[in-house]
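A short write-up of the structure that comes next.
The values are calculated or read from the model by the stated rules, or taken from the named source; none is laboratory data. Bear in mind that the values here come from a model prediction, so they are computed numbers and not experimental data. Please note: Cβ atoms are built from the backbone with ideal geometry, for glycine as well, and neighbour counts cover all protein chains shown.
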Amino acid sequence: MTGENVESRSIEGIVFNAILLAFTVVLLAATTGLHSSSRTVPLAVGAPLAVLLAYRLIREAMAARGGRGAVSEGKPVAAAGPATKPRQSRDEAVAILWVLALPAAATVFGFVAGPALFVGAWARFRGGERMAVAVIAGVVAAIVILLLFQGLLRARLPQGVFGLVL
């Protein structure tokens, strides 16, 4: 892959993440006029999202500046051209399976453990993070879900198939 292709992909990632971060910050700013009870969910979703997007933006910028090339889901970006078509189809199929895995995990393991397992698996296998980082991400996801839904919203969370059996 030429250096120009790597640089182009890296800049595209930086611009995309910057746009998403700016959009999230604007939405968070727009919630300031809402009543406090109406603002809880947008803040609980938007604030962590802004932090994650800022992390991703910094990671992309460091990869571009460090000369290591663009990073896509923890792996080097593939070269453009006809050889990437089968890889692209495979990646699309894997992405669909990941999208289906979240509701499946929530159904089987419950609304707290399912997404926590999903986040940990995503961080490890798609994000390329170390096992310790993936476990921490899953635990943080579970804590955030519990604090948001049971703590702030006082909602009863579905326990999943395993919760019904136990």
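Key figures
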quantity: Whichever residue in region 113-166 is surrounded by 13 or more Cβ atoms within 10 Å (Cβ to Cβ) and charged (D, E, K, R) and, among such residues, is modelled with the lowest pLDDT; calculated: Arg126
quantity: Condition met for Ala95 (closer than 26 Å to Ala18 by Cα and either at pLDDT below 85 or surrounded by 12 or more Cβ atoms within 10 Å (Cβ to Cβ) (or both)); calculated: yes
quantity: Residue in region 11-34 that is assigned to a helix (DSSP H, G or I), outside the structural domain of Val133 (by TED's automatic domain parsing) and either in contact with a Phe, Trp or Tyr (Cβ under 7 Å, 6 or more places away or on another chain) or modelled with pLDDT under 75 (or both) present; calculated: no
quantity: Residue identified as on the phi < 0 side of the Ramachandran plot, in contact (Cβ under 8 Å) with a residue 12 or more places away in the chain, assigned to a helix (DSSP H, G or I) and not assigned by TED's automatic domain parsing to the domain that holds Arg56 among Val133, Val144, Val99; calculated: Val144
quantity: Tally, over region 38-57, of residues that are modelled with pLDDT of 80 or more and aliphatic (A, V, I, L, M); calculated: 8
